[in-house]
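Have a look at the structure below, then the notes.
The values are calculated or read from the model by the stated rules, or taken from the named source; none is laboratory data. What you are looking at is a predicted structure, and each value in this text was computed from that prediction instead of being measured. In this analysis, Cβ positions are derived from the backbone assuming ideal geometry, glycine residues included, and neighbour counts consider all displayed protein chains. All accessible areas refer to the heavy atoms of the entire protein, side chains included, with ligands and DNA or RNA removed. Shrake-Rupley method; radii C 1.70, N 1.55, O 1.52, S 1.80 Å.
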Amino acid sequence: MAIIVVVGLGLIYKLAVYRGLIPPVVQLLSLTRPIVCPADATLHQVPNTLINTDQALDQLLPANFDRRQISILIEKSQYRLTVYYNQKPVKSYPVVFGNLVGDKQREGDRKTPEGILKIKDKYPHPSWSKFLWLDYPNAQSECKHNLAKQKGKIPWYSTIGGEIGIHGVPVGSDAMIDLRENWTWGCPSLKNQDINELYDFVQIGTIVEIVA
């Protein structure tokens, strides 16, 4: 009888971990050790304002541009996404978010992660035009997530979340961007014409720096 109970509890534990309802015991034990996360790196010089918003991106880049030289800076407090080429700002777009205040710490907080991320996939989206899927959570965001648990800022059973990406808006909803309505669950959101333009110039691996 005792063996059946132990086996049953083990199966329940594995199922709960698989579904993200509880963290693995190994992860809980790791929270007992001091956690030190490196500071977020800074890669871009911040522009003073929105730049070249009325010009097409293909007119601003060199004729034979190299996609590997394209990167993105997103400033949450400025509602601004800027495309860089060879570390120089080229064009800015207005952008909105979810919960604007603070770095993302857990699933469901509607916050946008800060730090250095990369595009890990890109594809058309049935509701928001295009989707540039970011590699959240990465090692840095996992460290900050565990540190928040250790400091008691979030519950120990919190999951880190995922499915963060840059995308458009529902058809006919560009006004949400103009009015700075932070409507998402943490994803940066552009007007559809803007995400459609950006989509053609970035690639898997493009660096996306997000700051407060």
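What is the distance in Å between the Cα centres of the range 56-90 and the range 169-194?
20
Would you list, by chain and number, the aspartates and glutamates whose Cα falls below 16 Å from the Cα of K122, excluding same-chain residues fewer than 8 positions away?
D135, E163, D194, E197, D200
By the scheme Lys and Arg +1, Asp and Glu -1, what is the net charge of all other residues having a beta-carbon under 13 Å from that of K144?
+1
Using the Cα atoms of the range 65-212 to build a convex hull, what is its mean projected area in square nanometres?
8.4
Show me the ranking of peptides 137-149, 77-89 by mean Cβ neighbours inside 10 Å, starting with the highest.
Numbers: 137-149: 18.8, 77-89: 17.2.
So the peptides 137-149, 77-89, ranked by packing, come out 137-149, 77-89.
Rounded to a whole number, what % of the accessible area of the range 61-124 do carbon and sulfur atoms account for, probe 1.4 Å?
Details: 1200 of 2800 Å².
In the range 61-124, the share of accessible area belonging to carbon and sulfur is 43 percent.
Measure off 7 Å from each Cα along the Cα-to-Cβ vector at A175 and N64, then give the distance between these two points in nanometres to one decimal.
Label at A175, label at N64, 4.8 nm between them.
With a 1.4 Å probe and every protein chain left in place, work out the accessible area per residue of the range 68-176 in Å², rounded to a whole number.
43
Could you tell me which of the pairs K120/K149; K118/K144; K120/K144; K104/K130; K88/K144 are separated by over 19 angstrom between their Cα atoms in the structure shown?
From the list (K120/K149; K118/K144; K120/K144; K104/K130; K88/K144), the Cα-Cα distance tops 19 Å for K120/K149; K120/K144; K104/K130; K88/K144.
Count the net charge of all other residues whose Cβ sits under 10 Å from the Cβ of E114, scoring Lys and Arg as +1 and Asp and Glu as -1. Before the final figure, lay out the partial values.
On the way: positive: K76, K104, K111, K144; negative: D40, D103, E209.
That works out to +1.
Can you give the FRET efficiency to the nearest 0.05 for L50 and K151, using r as the Cβ-Cβ distance and R₀ = 45 Å?
On the way: r = 37 Å, r/R0 = 0.81.
So the FRET efficiency works out to roughly 0.75.
Distances over 19 Å make up what percent of all Cα-Cα pairs in the range 160-212?
It works out to 32 percent of all Cα pairs.
Just the number, please: carbon plus sulfur as a percent of the accessible area of the range 152-212, 1.4 Å probe, no ligands or DNA/RNA counted. Before the final figure, lay out the partial values.
Working: 1550 of 2760 Å².
That fraction is 56 percent.
Please compute the net charge surrounding N48, taking Lys and Arg as +1 and Asp and Glu as -1 over other residues with Cβ under 12 Å from its Cβ.
Overall, the nearby charge balance is 0.
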